[in-house]
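Asker: I am attaching a structure below and will ask some questions about it afterwards.
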Amino acid sequence: MEVSIEGKVAVVTGGSRGIGMATALEFARSGAAGLTITSRKAENVETAKTQLVEAGVDTDKILALPARADSEEAANEAIEATVERFGSCDILVNNAGTNPAAGMLMDVDLGALDKTWAVNLRAPLLWVRAAFHAWMEKNGGTIVNVASVAGLRPSPLMGAYNVSKAGLVHMTRQMAMELAPDIRVNAVAPAVVKTRLASALLHDEAATARLHPLGRVGEPEDVARLIVFLSSDAASWMTGAVVPVDGGVIGAGSSGIS
């Protein structure tokens with residue numbers, strides 16, 4: 001089955017690199033009529049827009065906005081700008097994330113913990129609320145949250161991150177129940193993917209790859225393709241799903257991956 005989002009408008013938070021950038025490209029290739037990408041820094045989002053244009057995306061279909069993921073004002077303004085520019089907001093991908101709070105929960109810096117939970121858990125709620133009130137409440141839509149295998153089981157030294165992603169998993173299911181039948185809400189749960197966020201886990205990529213039953217770490221495109229599928233009508237009978245895209249880590253019961 002061909003996956004298409006022809007004529008739909010998508011918003012991707014944290015869209016300037018990694019999974020966010022790969023998702024933006026996949027949306028464009030799948031027929032998106034409009035694409036909003038956000039990033040905390042203006043220079044990053046402008047660079048990302050240039051990269052999209054160089055990849056063949058029509059510049060008129062791209063809205064690149066600096067926006068803090070954990071700012072309610074920024075979320076509202078970005079969604080409103082999307083509707084004003086493209087006429088709708090059909091798809092929201094909550095991809096922005098952070099992990100500055102390494103260590104055991106008993107010792108982790110509480111300021112770093114607060115930042116982790118604000119970006120990884122509170123921020124997706126802010127963006128969903130913005131999309132809901134500006135467009136989806138009356139017109140429907142689809143939402144995909146980027147969670148993690150770290151939210152499906154505990155692992156050492158990443159407690160603050162793991163808890164934030166576990167909360168996002170449950171929030172996905174809660175939203176799916178509350179927003180059905182007109183708005184679908186699903187999540188993807190990647191294992192280690194080649195992104196800046198995962199750089200600490202990639203210092204010995206070969207060793208990390210061996211912990212995945214499929215023998216390699218993920219590429220951003222591996223996750224992006226699943227996000228686009230969940231956003232499309234091909235997944236029209238899916239909501240409240242949390243889908244691992246993890247090289248077999250969860251299904252095969254591998255250990256050592258967070």
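All of the numbers you see were taken from the coordinates with simple rules; none came from a lab. Please read these numbers as outputs of a predicted model, since none were measured by experiment. Because the Cβ atoms are built from the backbone with ideal geometry, glycine has one as well, and the counts that use them run over all protein chains shown.
Asker: Roughly how tilted is helix 159-179, in degrees to the nearest 10 and between 0 and 90, from the longest Cα axis of the chain?
Answerer: The angle comes out at about 40 degrees.
Asker: Please report the Cα spread of the chain along all three principal axes, rounded to whole Å, starting with the longest.
Answerer: 46, 38, 37
Asker: What residues qualify as long-range amide H neighbours of residue 105, i.e. H under 5 Å apart, gap of 5 or more or another chain, H built at 1.01 Å from N?
Answerer: 159
Asker: By per-residue mean of other Cβ atoms within 10 Å, what is the highest-first order of 83-95, 207-219? List each step's numbers first, then the result.
Answerer: Values: 83-95: 22.5, 207-219: 16.2.
Packing order, densest peptide first, comes out as 83-95, 207-219.
Asker: Given 154, 193, 91, which one lies farthest toward the positive end of the charge dipole of the chain, if we put +1 on the Cβ of every Lys and Arg and -1 on the Cβ of every Asp and Glu?
Answerer: The residue sitting most towards the positive pole is 154.
Asker: Something else: Hey, what number do you get for the chain at 222 nm if only DSSP H runs of n ≥ 4 count, each worth -39500 (n - 2.57), divided across all residues, to the nearest 500?
Answerer: Numbers: 8 runs with 96 residues, N = 258.
Dividing the helical sum by the residues of the chain leaves -11500 deg cm²/dmol.
Asker: If you fit an axis through the alpha-carbon atoms of helix 220-231 and take the longest principal axis of the Cα set of the chain, what angle between them do you get, 0 to 90°, nearest 10?
Answerer: The angle comes out near 50 degrees.
Asker: Under the Karplus relation 6.51 cos²θ - 1.76 cosθ + 1.60, θ = phi - 60°, what is the ordered set of whole-Hz ³J(HN,Hα) values for region 51-57, x standing for Gly and Pro?
Answerer: The phi angles translate into 5, 5, 5, 5, 7, x, 7 Hz.
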